Amino acid sequence: MDTLIQTAIKNCEWSTARFLIFSDNVFEPLIYYSHLGVLLIALFFGFFILLNNPRERLNRVLFYLTFAIGVWLFSDLVLWASGNPSEVMFFWAVEIIAEPIIYALAFYFFYLFVDKKDFGLRTKIILYSFLLPTIALAASNFGLTGFDLTNCDRVAVEGILPKYGYAIEIAILLWIIALAFDRYYKTQDSEIKKQIFFTATGICLFLFSFSLGNIAEVITENWYIGQIGYIGIPIFIAFLSYQIVKYRTFHIKIFGSQVLVTAIWFLILSILFVRTVENVRIIVAATLALFSILGIFLIRSVKREVAQREKIQKLAEDLEKANEKLKELDQMKSEFLSLATHQIRAPLTAIKGYSSMLLEGDFGVLPQKAKDSVNTIMKSCQNLINIVGDFLNISRIEQGRMVYEKTVFDMGKLVKEVVEAIKPNIQNAGLALNIEIPENLNAKVNADRDKIEQVVGNVLDNAIKYTPKGSIGVSVLKDKETVKVAIKDSGVGIPSDEMNKLFNKFSRTKDANKTSVTGTGLGLYIAKKMVEAHKGDIKVSSEGVGKGTTFIIEMPASNS
């Protein structure tokens with residue numbers, strides 16, 4: 001048998017194939033163009049999609065599909081180039097297995113694209129049942145019965161299995177068309193309809209082109225038809241590129257235009273595989289047609305990008321104008337707030353002054369009930385004065401008009417004075433007070449004394465409000481660069497998810513009203529801004545609800 005084969009090879013003058021695919025046995029001038037060019041495009045696109053999102057099932061299926069196309073094209077090229085009967089028989093069997101798998105993967109891809117879920121068990125069983133005979137019997141006599149040595153065409157003799165494969169391929173193609181019609185008419189979303197239409201069209205064109213190469217070529221024995229069919233395969237790639245550009249099917253961050261440009265580059269590169277000058281016109285015409293299709297998609301994508309950029313630019317300009325307008329409105333708001341608080345402050349001061357005079361008996365002795373009422377008026381008036389003061393401070397801070405008159409003073413002494421002034425409130429609240437301020441601490445800072453006094457008073461008053469029972473601790477520490485005032489309470493605590501918004505304007509914790517109904521949520525905001533103006537900071541920590549809170553006021557130490 002070996003002698004007979006060697007004699008046939010010698011008589012037919014079969015050449016030895018280099019790398020399995022390059023030899024003088026290839027007599028059709030379009031073979032390398034139609035096989036290698038399409039193979040390169042398919043593999044590039046498959047790897048490109050896979051690498052950008054390997055976890056996505058749809059991406060993996062498309063990669064398997066393009067890889068199967070590459071295997072089939074390479075195997076078919078070996079059949080054209082090789083003069084070794086064993087190689088021909090092996091790769092012919094590979095083709096028999098790969099053909100129906102390509103159709104099945106195309107159907108699987110379309111199903112995932114449309115339904116966005118995996119096959120059901122029933123569908124998988126049907127599909128596997130179709131494919132199992134071709135996989136199991138490809139190397140048997142049902143697949144190939146032998147090798148024809150009666151002529152020099154290097155042809156393997158096919159059994160009944162390839163015909164079965166053709167029937168399966170036609171059935172799957174009809175299945176895809178039926179699924180496309182079903183899903184198209186069931187959906188009401190016009191955008192989804194477009195996606196279904198373009199994807200189904202691309203897959204059907206691809207399978208039709210592939211059928212020209214593997215079915216029509218065998219039936220008609222017209223090898224030229226087959227090569228034209230293979231050249232049409234990149235249409236499928238073009239349609240998928242369109243999906244990426246228009247619908248962002250694979251959510252790839254790279255611009256779709258890069259895919260299109262690369263596909264065009266491969267098309268032009270494949271012209272190098274044209275073997276005879278006579279076929280240049282045909283090849284250029286085919287390349288021009290595909291180039292035109294890809295070019296249309298590229299132009300559309302570029303136009304879309306330009307339109308989006310122009311829209312973004314317009315929105316940015318509108319946003320900038322709106323931002324300027326908001327700044328003007330904010331400035332007007334701050335000015336109004338400043339004017340309003342000044343106007344309100346004067347009558348409140350007058351109300352407080354006359355209330356004080358009434359309580360002191362300047363206008364005669366008041367009955368006890370009248371005194372109680374005047375005392376309530378005076379306290380309410382003081383609360384309003386404090387609120388107005390807060391709004392006035394906010395107005396000054398936001399307009400940059402807050403004036404800081406800095407002097408060098410001892411923070412320990414200041415804290416003692418503030419605690420002494422507020423001690424009656426602490427005692428009235430029934431809270432224990434712990435003070436830890438070492439003698440001769442010499443905790444000097446260079447700051448506006450009145451403003452820092454207000455900050456410490458604000459934080460301490462805040463601790464009293466939100467500590468229903470327990471104690472408040474005040475301590476002052478000093479290191480080389482910083483003076484720290486720590487105010488710790490055993491109160492309601494602060495949830496961790498609300499810690500970051502504690503120093504915002506008008507911000508209070510969810511449970512604040514349960515403990516203290518008074519308060520505007522401005523005190524800590526103002527305190528932080530004042531400390532930051534001195535290049536210091538206020539920090540807060542809490543172990544959680546009901547576990548107390550610690551505020552630490554940090555100020556740069558003064559060496560004076």
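Computed from the coordinates by the stated procedures, all read-outs in this text should not be read as laboratory data. Being a predicted model, the structure only gives us computed values, none of them experimental. All Cβ positions, even for glycine, are placed from backbone atoms using ideal geometry, and neighbour counts span all protein chains on display.
Cα centroid distance between region 159-192 and region 369-421, in Å?
With region 159-192 and region 369-421 each reduced to a Cα centre, they are spaced 80 Å.
Please find the FRET efficiency linking Lys371 to Asp479, where r is the Cβ-Cβ separation and R0 is fixed at 60 Å, and quote it to the nearest 0.05.
Computed FRET efficiency for Lys371 and Asp479 comes out at 0.70.
Using a cut-off of 14 Å between beta-carbons, work out the net charge of the residues near Asn428 (Lys and Arg +1, Asp and Glu -1, Asn428 not included). The partial results should precede the final answer.
Details: positive: Lys379, Lys423, Lys465, Lys469; negative: Asp461.
Here the charged neighbours net out to +3.
List the residues of region 432-474 whose backbone N lies under 19 Å from a point placed 7 Å from the Cα of Lys413 along the Cα-to-Cβ direction.
436-457
Quick one: length gained pulling Asp497 to Leu384 fully straight, 0.36 nm per residue minus the C-alpha distance?
Stretched out fully, the Asp497 to Leu384 stretch lengthens by 37.6 nm.
Within region 449-485, which residues have the backbone N less than 20 Å from the label spot 7 Å out from Asn559 along Cα→beta-carbon, could you tell me?
Those under the cut-off are 478-484.
What pairs in Lys303/Lys327; Lys416/Lys539; Lys488/Lys535; Lys379/Lys406 have C-alpha atoms more than 29 Å from each other?
Going by Cα-Cα distance, Lys303/Lys327; Lys379/Lys406 fall outside the 29 Å limit.
With r as the distance between the Cβ atoms of Ile192 and Lys124 and R0 = 22 Å, compute the FRET efficiency 1/(1 + (r/R0)^6) and round to 0.05.
It comes out at approximately 0.35.
Determine which aspartates and glutamates satisfy two conditions relative to Lys480: a Cα distance under 20 Å, and not lying fewer than 8 residues away in the same chain.
Once the sequence-local aspartates and glutamates are set aside, what remains near Lys480 is Asp410, Glu436, Glu439, Glu532, Asp537, Glu554.
For region 478-495 and region 108-141, compute the distance between their C-alpha centroids and round to whole Å.
69
With each label point set 7 Å from Cα along the Cα-Cβ vector, what nm distance links Ile299 and Ala346?
Modelled inter-label distance: 7.4 nm.
Gain in length, Ile160 to Glu436, computed as 0.36 nm per residue apart minus the alpha-carbon separation, to one decimal in nm?
Gain in length upon complete extension: 89.5 nm.
Under a crude label model (7 Å from the Cα following the beta-carbon direction), how far is Asn446 from Glu543 in nanometres?
For the pair Asn446/Glu543, the computed spacing is 4.0 nm.
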